[in-house]
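Worksheet: one structure, shown below.
The values are calculated or read from the model by the stated rules, or taken from the named source; none is laboratory data. In this text the structure is predicted, and so the values were computed from the model without any measurement. A quick note on method: Cβ atoms are made from the backbone with ideal geometry, for glycine too, and the neighbour counts reach across all protein chains shown. For accessibility, only protein heavy atoms count, side chains too; no ligands or nucleic acids. Shrake-Rupley method; radii C 1.70, N 1.55, O 1.52, S 1.80 Å.
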Amino acid sequence: MKTRRRVLKDLGVGAGALALSPFTARAADTARAADTARAARSRVVIIGGGFAGASCARQLRIIAQDVDVTLIEPSTTFTACPFSNLVVGGLRRLSQQQFSYRGVEAAGIRVVHRRAVDVDPVAKRVRLDDGVDLFYDRLVMAPGIELIWDALEGYDEAASNRMPHAWQAGTQTLLLRDQLQAIPNGGLVVMAAPASPYRCPPGPYERASLIAAYLKREKPRSKLLVLDAKDNFSKKPLFMQAWQRLYGDLLEWRGVSDGAAVTSVDPGKMTLRTDFDEFKADVANVIPPQRAGMIARRAGLTDASGWCPIRPLTFESRLAESIHVIGDAAIANAMPKSAYAANAQAGLCAQQVARLLADKPPLETKLSNACYSYVSQDHAISVAGVYQPDDTAWQAIDGGTSALDAPDAVRRMEAGYADEWFRGITSQVFG
């Protein structure tokens with residue numbers, strides 16, 4: 001298999017009643033011309049200020065300076081999910097995950113901190129939660145994910161206060177961290193991992209690694225049991241090798257073939273049930289199924305899968321005109337729902353939107369993705385891929401993972417790459 005760096009290297013990606021003096025008349029003409037120019041400017045509205053939406057806004061501002069760009073994001077602070085598992089494992093502060101939108105605004109983007117509650121694709125209008133309407137020529141949707149409450153019997157939003165999902169970084173991240181720190185030495189931590197697709201395919205297994213690292217360091221008589229609704233997952237051979245070498249019997253993984261898919265939970269009793277067993281946990285991390293964010297569903301952009309079908313080359317919705325969908329909410333086929341992929345999609349979508357507004361044909365190009373996962377405090381593994389669109393889907397055309405049996409020095413180097421990537425992408429998007 002090709003290494004992550006080799007794969008990325010191969011990619012190469014009206015009139016007044018009084019008479020006016022000549023000077024005043026010229027000034028009035030200039031003002032009218034400016035008003036006309038502003039009225040003629042194309043308007044792009046972007047919903048969602050994460051790695052997809054904020055990236056798209058910044059790229060569009062650079063390549064199409066004659067376009068008015070408005071970013072709608074209810075939160076004034078972005079809390080990043082990548083690296084949040086380090087917070088869960090007690091290795092990082094949540095504040096290191098948080099970024100303001102000052103840099104986005106300084107780039108000339110209008111940032112509206114309201115919630116989009118409705119989209120009218122015919123009128124090309126977005127309605128905000130304060131009743132204000134924003135009109136667009138092109139709309140980019142980057143609403144991220146929504147957790148599907150009650151998809152798992154007994155697990156609703158209230159249950160997440162006892163059995164945190166921590167799949168949307170912030171309060172839930174700290175709740176899971178604090179629960180881990182409070183359990184007795186010898187306690188049982190149970191994680192329920194969902195079936196695909198979901199945000200960040202290797203995310204549950206990085207989290208399992210870092211929880212195990214915490215237990216080994218602080219509470220070595222404890223155990224982590226991972227109950228999975230699938231048998232295969234991203235970087236499985238690499239994770240399995242790392243778990244055996246670093247954690248031994250402290251971490252146990254069971255897949256759906258082992259009858260391990262969780263079918264129901266009881267938050268009051270702190271129990272998780274499969275078809276064959278019941279487990280009583282001291283800490284339960286339940287990651288429920290997911291779908292595209294609610295505004296995408298309200299706009300009629302989702303299909304029966306709960307995600308948004310798109311035209312691969314332009315990311316235009318297959319269900320509504322003049323609307324593009326990027327990031328986790330989109331059905332991007334072989335491309336994973338990762339921050340790296342969201343950022344890559346955002347850059348291409350910005351290019352395509354600018355070209356479509358200028359009546360130019362879309363670009364033909366490839367995109368890449370690289371995904372890092374920590375397996376301990378200073379060891380990481382990665383997977384990389386290159387993708388090319390055809391008429392129906394984004395297809396994987398190249399890819400590779402970290403090498404099995406790599407020495408510790410290589411794993412530490414990968415952790416350094418991960419840190420460089422995170423600092424780079426957050427600086428690019430929010431700096």
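Let me know the shape class of the stretch 136-186, please: from the alpha-carbon gyration tensor, a ≥ b ≥ c as square roots of the eigenvalues, rounded when a/c is under 1.5, otherwise prolate if a/b is greater than b/c, or oblate. Could you put the intermediate results ahead of the total?
Values: a/c = 4.60, a/b = 2.01, b/c = 2.28.
Because a/c hits 1.5 or more and a/b fails to exceed b/c, the stretch 136-186 counts as oblate.
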Fill in the blank from the handout: Quick numbers on the stretch 154-254, Rg and Dmax over C-alpha atoms in Å, give 13.4, 37
Practice task
State the percent of C-alpha pairs, over all pairs in the chain, separated by a distance greater than 30 angstrom.
Solution key: 46 percent
Fill in the blank from the handout: Amide H contacts under 5 Å for D118, restricted to residues at least 5 apart in sequence or on another chain and with H modeled in the peptide plane, are R127
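Share of antiparallel DSSP beta bridges in the chain, in percent to the nearest 5? List each step's numbers first, then the result.
Numbers: 37 of 69 bridges.
Of all bridge pairs located within the chain, approximately 55 percent are antiparallel.
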Practice task
Would you mind calculating the gained length between A182 and R298 on full extension (0.36 nm times residue separation, minus the Cα-Cα distance), in nm to one decimal?
Solution key: 37.7 nm
Exercise for the section: Please list, in chain and number order, the residues 5+ apart from G144 or on another chain whose amide H is under 5 Å from its amide H, with Hs placed from the backbone. Expected result: G293, D328, A329
Practice task
Would you be so kind as to identify which of P202, A182, V104 lies farthest towards the positive end of the dipole of the chain, taking Lys and Arg as +1 and Asp and Glu as -1 on Cβ and the Cα centre as origin?
Solution key: V104
Fill in the blank from the handout: With 0.36 nm assigned to each residue of separation and the Cα-Cα distance removed, D391 to D359 gains 9.5 nm
Problem - Ordering of 187-196, 393-402, 117-126 by packing [mean C-beta count within 10 Å, highest first] - result: 187-196, 393-402, 117-126
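Quick check: from the Cα gyration tensor, does the stretch 319-389 come out rounded (a/c under 1.5), prolate or oblate? Please list the in-between numbers first.
On the way: a/c = 2.94, a/b = 2.39, b/c = 1.23.
Prolate shape, in that a/c is at least 1.5 and a/b is the bigger ratio.
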Completion exercise
With Rh as the Kirkwood radius over Cα pairs, the stretch 65-176 has Rg/Rh of 1.04
Practice task
Eight or more residues apart or on different chains, and alpha-carbon atoms under 23 Å: count the Lys pairs in the chain matching that.
Solution key: 24
Handout entry: Inter-part distance where the stretch 322-395 and the stretch 161-192 are each reduced to a Cα centre, Å
Key = 31 Å
Problem - Net charge dipole size for the chain [Lys, Arg +1 and Asp, Glu -1 on Cβ; Debye, nearest 20] - result: 1000 debye
Fill in the blank from the handout: Taking 0.36 nm per residue of separation between E105 and E157 and subtracting their Cα-Cα distance, the length gained on full extension comes to 15.4 nm
Fill in the blank from the handout: Of the convex hull drawn through the C-alpha atoms of the stretch 286-367, the volume per residue in Å³ is 97 Å³
Problem - Relative counts (whole %) of C-alpha pair distances in the stretch 287-431, using bins that are 10 Å wide - result: 11, 34, 33, 17, 5, 0
Exercise for the section: Compute the accessible area per residue over the chain, keeping the other protein chains in place, probe 1.4 Å, unit Å². Expected result: 44 Å²
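Grab the DSSP H runs of the chain that are 4 residues or longer, score each as -39,500 (n - 2.57), total them, divide by all residues and round the 222 nm result to the nearest 500 deg cm²/dmol. Mind showing how you got there, number by number?
Details: 11 runs with 134 residues, N = 431.
The helix-only estimate for the chain comes to -9500 deg cm²/dmol at 222 nm.
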Practice task
Would you mind getting me the FRET efficiency between D258 and S305? Use the beta-carbon distance for r and R0 = 25 Å, nearest 0.05.
Solution key: 0.40
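What does the convex hull of the Cα atoms come to per residue for the stretch 232-293, in Å³?
Details: hull volume 8.6 nm³, N = 62.
Each residue corresponds to 139 Å³ of Cα convex hull volume.
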Fill in the blank from the handout: Under the rule rounded for a/c under 1.5, else prolate if a/b exceeds b/c, else oblate, using alpha carbon gyration tensor axes a ≥ b ≥ c, the stretch 359-431 is classed as oblate
Problem - Average Cα contact separation per residue, the stretch 151-262, under 8 Å, 6 or more apart, as relative contact order % - result: 26 percent
Fill in the blank from the handout: Expressed as a whole-number percentage, the relative contact order of the stretch 87-148 with C-alpha contacts under 8 angstrom and at least six residues apart is 16 percent
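Considering only DSSP beta bridges where both residues belong to the stretch 33-177, give the percentage that are antiparallel (nearest 5).
Working: 10 of 22 bridges.
Once the DSSP bridges in the stretch 33-177 are tallied, antiparallel ones form about 45 percent.
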